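First the structure, in the form of structure tokens, and then the observations on it.
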Ligand SMILES: [Zn+2]
């Protein structure tokens, strides 16, 4: 290639919100549905005469997202109808926001190998999702479970310059939205349209833009951007084809993009204000209430954790799961050490769950219970082994930690005389092992140590017991 090119990318990201009901009716979110069309009512299936009723929680989550992305929050926000016909859209229009979106003018710093750059957020708007078409045999079926599930769409300015920046940005959104309880961002709940063009380096003008629609895997997005950018560069450099503004789809198998249709303009949708929904006014009081509930920004949170010695790997685990983060923060608030607590949760609890084929998502320990166990260990009432035993019982059968500790005799304070007598007893009961040990079989010590620990029911400091045992046997 003779010329150097610059890639210019803008992103529209649709994120499904974690609300208990749909955006304009009381049907459950579609994840609650088991069968097609079992989360549907006259309103969300577009029956004549039904009116939408705004879900307040959607506004709060959209504002929280806006605050996290450093946006201005619109105090006056309205809905518009976007008209088009498709079988998965029962009203033949989608309720969305065109004229007065809920958030505008945000900014997200994105850090890559090329340094940190600010990506400007043009706007965030609220809208409803469409249904789903299912094709089988000679028929097509429509499932309205997803119809009217609340979405926010985050629209950036064309500020990305590489696929790497896009992927870092998307991962950052995912962490933020999970930590903020905005969305679980599970597979398919975060979908992107990528606008891409290419221009000679140093040029101020934008090249011809194409849009790759509806991708949810970050890996596919990265491949699609790389393929499409190369296609544009080849077209400019070698005149292999003439670029047109169009919508394309990415085929995951071939790794190529294909034209779908010429790009519609806004005029094609005949937007007009939705007279069925009142404008929403966000007053100071409501905004302050939402602000007060907003979790700390992901960057701030990561810094806070790093400062108390939590490892990068643990921080990444915490930031991707707001439930774990809340458990850690709440346990620390009850007086436990943060680094230590992180290890109890991310190593010990995770290990116990893994044995049962479960993940940390299924952890149901409360901060109160966890802090009780940690404090018993920290105060020296029990050793860490005993603490872990209690934790296992708590995680697996939700027992009361204090009662369980008493019941199992784990709280016995073993002074050295108690340990002494246990060791003497074990030695006198196992003359053969003692003889083996004195004849150079080091392994025999392990068996005796095991017998002592069994006798002490896991209490006492293992290092001290081992040392004492060794001393006595060498006599
Ligand atoms: Zn409904």
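The values are calculated or read from the model by the stated rules, or taken from the named source; none is laboratory data. Worth saying up front: this structure is predicted, and the values here are computed from it rather than measured. Positions of Cβ are generated from backbone atoms using ideal geometry, with glycine treated the same way; all protein chains shown enter the neighbour counts.
Brief remarks on what is shown
- Odd one out for residue 65 among (1) surrounded by 21 or more Cβ atoms within 10 Å (Cβ to Cβ); (2) more than 10 Å from the ligand (Cβ to nearest atom); (3) assigned to a loop (DSSP other than H, G, I, E, B): (3)
- For region 9-23, the criterion of a residue being buried (at least 16 other Cβ atoms within 10 Å of the Cβ), part of a strand (DSSP E or B) and within 11 Å of the ligand (Cβ to nearest atom) is satisfied by at least one position.
- Scanning region 464-475 for residues that are within 12 Å of residue 419 (Cα to Cα) and modelled with pLDDT under 80 yields one hit, 464.
- Cβ separations smaller than 7 Å between residues 6+ apart or across chains give the following pairs from region 36-51 residues that are on the phi > 0 side of the Ramachandran plot to residues that are within 11 Å of the ligand (Cβ to nearest atom): 37/144; 37/145; 46/90.
- Only one of the numbered conditions (1) under 17 Å from residue 153 (Cβ atoms); (2) over 21 Å from the mean Cα position of the chain (by Cα); (3) away from the ligand (no atom under 16 Å from the Cβ) is violated by residue 83, and that is (1).
- Residue satisfying all of: in region 294-304; assigned to a helix (DSSP H, G or I) and either within 16 Å of the chain's Cα centre (by Cα) or not assigned by TED's automatic domain parsing to the domain that holds residue 324 (or both); nearest to residue 173 (Cα to Cα) among these: 298
- Residue 55 fulfils the conditions (1) surrounded by 21 or more Cβ atoms within 10 Å (Cβ to Cβ); (2) away from the ligand (no atom under 16 Å from the Cβ) except for a single criterion, (2).
- One residue from 45, 26 being within 10 Å of the ligand (Cβ to nearest atom), in the same structural domain as residue 153 (by TED's automatic domain parsing) and farther than 27 Å from residue 193 by Cα: 26
- Test: residue in region 192-214 that is more than 17 Å from residue 111 (Cα to Cα), out of contact with any helix residue (DSSP H, G or I) (no Cβ under 9 Å at 6 or more places or on another chain), assigned to a helix (DSSP H, G or I) and touching a residue at least 24 places away in the same chain (Cβ under 8 Å): no
- Restricting region 32-42 to residues that are within 14 Å of the ligand (Cβ to nearest atom) and assigned to a loop (DSSP other than H, G, I, E, B), the residue that is surrounded by the fewest Cβ atoms within 10 Å (Cβ to Cβ) is 42.
- Pick from region 144-161, criterion away from the ligand (no atom under 12 Å from the Cβ) and outside any strand (DSSP E or B), ranking: farthest from residue 21 (Cα to Cα): 161
- Pairs are defined by a Cβ separation below 7 Å, a sequence spacing of at least 6 or placement on different chains, a first member in region 135-151 that is within 17 Å of residue 26 (Cα to Cα) and assigned by TED's automatic domain parsing to the domain that holds residue 88, and a second member that is part of a loop (DSSP other than H, G, I, E, B) and more than 15 Å from the ligand (Cβ to nearest atom); the pairs so defined are 150/17; 151/17.
- Matching residues, region 95-112, being surrounded by fewer than 20 Cβ atoms within 10 Å (Cβ to Cβ) and under 24 Å from residue 55 (Cα atoms): 96, 98, 99, 100, 104
- Of all residues in region 58-69, those satisfying the criterion of being touching a strand residue (DSSP E or B) at 6+ places or on another chain (Cβ under 8 Å) and within 13 Å of residue 151 (Cα to Cα) are 58, 59, 61, 62, 63, 65.
- Hits in region 447-475 (condition: more than 26 Å from residue 404 (Cβ to Cβ), surrounded by 13 or more Cβ atoms within 10 Å (Cβ to Cβ) and without any contact (Cβ under 8 Å) to a residue 24 or more places away in the chain): 447, 466
- If you check 189, 267, 220 for being farther than 30 Å from residue 294 by Cβ and either touching a strand residue (DSSP E or B) at 6+ places or on another chain (Cβ under 9 Å) or at pLDDT 95 or above (or both), only one passes: 220.
- Any hit, region 314-333, residues being free of Cβ contacts under 8 Å to residues at least 24 places away in the same chain and not in a helix (DSSP H, G or I): no
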